[in-house]
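Taking it in order: structure first as structure tokens, then the write-up.
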Amino acid sequence: MKTILHKANTRGHANFGWLNSFHTFSFGHYRNAERNHFGALRVLNDDTVEKGMGFGKHPHENMEIVSIPLYGDLHHSDSTGRSEIIREHDVQIMSAGTGIAHSEMNANKDKAVKFLQIWVFPKNYNIEPRYEQKTFNPANRQNQVLTVVAPDDEKAVWINQDAWFSLANLSNGFETSYNWHSKNSGVYAFLIKGKATINGQELEERDGLGIWDTADPLQIKAGSDAELLLIEVPMELEAA
């Protein structure tokens, strides 16, 4: 088994006033040759956008872009004419494919919005751009691991990659495990809240842990009430 630990305080950081953003991997002005990606996982940004502010329309292509609001509401609009509100407990994915432009604005005039934006390299390039979002009842991830992004699960949002995202809300002292979907995968665990131990490694809030080269289930124990995101991705990139 191989692992890599990214403590929360080692992430890249940019604060523009309207946007406070932490970067687990190289992004924007943050460049770290040792943190360009984890397998097919390219970006994991932890963003806070002030009330009424946001990202103006900008282009993407050939990237799977997942947004997970943690607090507040996010307004998405794009060059297809789509206009959607992404709320807490929603998960949204945009397959940029051959190219799409979108904007992401704080939909609230009275509070900030906090969300994770995650980029994954696609399995197939130059597909027609697509969009999907679903709402997931938080009760369904209480002391269990809930799949929210998958290529093979109609209850999750679909992704153009052999990748699976899972969320779990764990009570203090609760123990569970995570079974791999593919022997070619690695899992990047991101602790959203609280404390937890994964395969003996203690994690605190906003720490990240990458694990690969093992077929054994991951052993997870909450050290407090905790919220966890697990991102399973291919470790080798094979674009078609």
Check your understanding: What is the sum of charges around I118, taking Lys and Arg as +1, Asp and Glu as -1, for the other residues whose C-beta is under 15 Å from the C-beta of I118?
Key -> -2
Study note, to complete from the structure: Taking only Cα atoms of segment 34-84, the Rg to Rh ratio with Kirkwood Rh works out at 0.98
**Study point:** trypsin sites (Lys or Arg not before Pro), loop per DSSP, at most 11 other Cβ atoms within 10 Å - longest free stretch of the chain
**Key:** 32-108
Exercise for review: Could you tell me which of rounded, prolate or oblate describes segment 108-156, using a ≥ b ≥ c as the square roots of the eigenvalues of the alpha-carbon gyration tensor, with rounded for a/c under 1.5 and, failing that, prolate when a/b is larger than b/c and oblate otherwise?
Suggested key: oblate
Check your understanding: Under a straight-distance cross-link criterion of Cα-Cα below 20 Å, which lysines are reachable from K57, leaving out those fewer than 8 residues away in the same chain?
Key -> K109, K114
Review point. Taking Cα centroids, how far is segment 36-103 from segment 153-195 in Å?
Key: 20
Review point. Stretch D216-H29 to full length: gain in nm at 0.36 nm per residue minus the Cα-Cα span?
Key: 63.6 nm
Study note, to complete from the structure: For the chain the mean separation of alpha carbon contacts under 8 Å (6+ apart) over residue count, i.e. relative contact order in percent, is 20
Review point. Near the amide H of K195, under 5 Å away, which other amide H atoms are found, from residues 5 or more places off or on another chain, if H is placed in the peptide plane?
Key: G223, S224
Point to revise | Loop chymotrypsin sites (Phe, Trp or Tyr not before Pro), segment 1-82 (other Cβ atoms within 10 Å of the site Cβ: 16 or fewer; DSSP) | key: F16, W18
Check your understanding: Counting pairs of alpha carbon atoms under 8 Å apart in space and at least six apart in sequence, what relative contact order in percent does segment 1-125 give?
Key -> 29
Exercise for review: Set Lys and Arg Cβ to +1 and Asp and Glu Cβ to -1, take the dipole of segment 124-240 about its Cα centre, and tell me which of Q161, G200, L237 lies farthest positive.
Suggested key: G200
**Study point:** Separation in nanometres of the label points that stand 7 Å from Cα toward Cβ, at D225 and K155
**Key:** 2.4
Review point. At a 1.4 Å probe radius, carbon and sulfur cover how many percent of the accessible area of the chain?
Key: 45
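The values are calculated or read from the model by the stated rules, or taken from the named source; none is laboratory data. Note that the structure is a prediction, hence the values are computed from the model and not measured. Ideal geometry is used to build each Cβ from the backbone, glycine not excepted, and the neighbour counts take in all protein chains shown. For the accessible areas, the whole protein counts, side chains as well, though only heavy atoms, and no ligand, DNA or RNA atoms are used. Shrake-Rupley method; radii C 1.70, N 1.55, O 1.52, S 1.80 Å.
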